[in-house]
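Each reported figure results from applying straightforward, stated rules to the coordinates on display, with no laboratory input. What you see is a predicted model; the values in this text were computed from it and never measured. Ideal geometry is used to build each Cβ from the backbone, glycine not excepted, and the neighbour counts take in all protein chains shown.
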Amino acid sequence: SGTLPKPQMHRLLAKRLRFHFVGAIIVSLGVAASYKFGVAEPRKKAYADFYRNYDSMKDFEEMRKAGIFQSTK
Amino acid sequence: MFFRAARRLVLRKPGLGIRGIHNPGDTAHSKGKIAPYTNYHAQRSYPMPDEPFCTELNAEQRALKEKEKGSWTQLSHAEKVALYRLQFHETFAEMNRRSNEWKTVMGCVFFFCGFTALLIWWQRVYVFPEKPITLTDEWKAKQLQRILDMKGNPVQGLASRWDYEKKEWKK
């Protein structure tokens, strides 16, 4: 009968922990980075662009003409 | 096959329901099903049950058990395998073999999902009352126009998708 190679006998938990720690760090950093650059930065940019040349009085006049206010016409 | 089994029962021959007669040379499958009323249940999470698989041993097997009490280096390979088969029903590889049960399970799950869909459809036709006025298309159009007039979510949301000069949705 052919002999199989001897399996690993010791430090099984250490090996598993090392693998999963490294994986967890990479995955969590990856998720955080993709959220920051996929969601947070574009959102900040969108708000900055919106408010750069924002005229609130003009906006108010448009809304008033559309007739949504109760306090004025 | 059933005739033979019935004959065995009638003549009180051993071999049906008695796990003891287990030829050391045979494979585990030649026995067929084990009786359901045993205490032997091995699974991956509980691999060493309290009782051995074969409790009623014939003379040959009892002799082997006596030999087991001595030095194990004197046991031949076939004897070691026979002792294993006395103690355990299946090897780990046999116990952990995969099956096609998942196909049946998924099939039944999908079947009942489909059946539920039919029930819900019937319910929508025969049970639900009329839609309220706020869900008619006319009302919903007026509601949307009001939200756009108020410029709801103008930065990234609804009003940011509407082109106020051309009075249409942005492309």
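Here the label points at residue B:143 and residue B:130, each 7 Å from Cα along the C-beta direction, are separated by 1.8 nm in the simple model. Given a Förster distance of 35 Å, report the FRET efficiency between residue B:57 and residue A:6 from their Cβ-Cβ distance, rounded to the nearest 0.05. Efficiency at R0 = 35 Å is approximately 0.55. Counting every other Cβ atom within 10 Å of each residue's Cβ, A:26, A:68 order from fewest to most as A:26, A:68.
Once you reduce the range B:126-156 and the range B:58-85 to the center of their Cα atoms, the two points are 82 Å from each other. Go through the range A:39-73 and name the chymotrypsin sites (Phe, Trp or Tyr not before Pro) that are in a DSSP coil and have 15 or fewer other Cβ atoms within 10 Å of their Cβ. Answer in residue order: A:54, A:69. Helix A:41-52: angle to the longest alpha-carbon principal axis of chain A, degrees 0 to 90, nearest 10? On a 0 to 90 degree scale, this one is about 10.
Near residue B:63, once Lys and Arg are set to +1 and Asp and Glu to -1 for all other residues with Cβ below 14 Å from its Cβ, the sum equals 0. Prolate is the label for the range B:116-171, because a/c, from the alpha-carbon gyration tensor with a ≥ b ≥ c as root eigenvalues, is 1.5 or above and a/b exceeds b/c. Using the Cβ-Cβ distance between residue B:170 and residue A:20 with R0 = 30 Å, the FRET efficiency computed as 1/(1 + (r/R0)^6) comes to roughly 0.05. Listed by chain and number, the aspartates and glutamates whose alpha-carbon sits under 18 Å from that of residue B:67, ignoring those within fewer than 8 places in the same chain, are B:56, B:79.
Excluding same-chain neighbours fewer than eight residues apart, the lysines reachable from residue B:69 by a Cα-Cα span under 18 Å are B:80. Scoring B:58-68, B:137-147 by mean Cβ neighbours within 10 Å over their residues and listing the highest first yields B:58-68, B:137-147.
Packing, as the average of other Cβ atoms within 10 Å across residues, places the peptides B:82-88, A:9-15 in the order B:82-88, A:9-15, highest first.
Partners of residue A:36 within straight-line reach, counting lysines whose Cα lies under 27 Å from its Cα and excluding those fewer than 8 residues away in the same chain: A:44, A:45, B:170, B:171.
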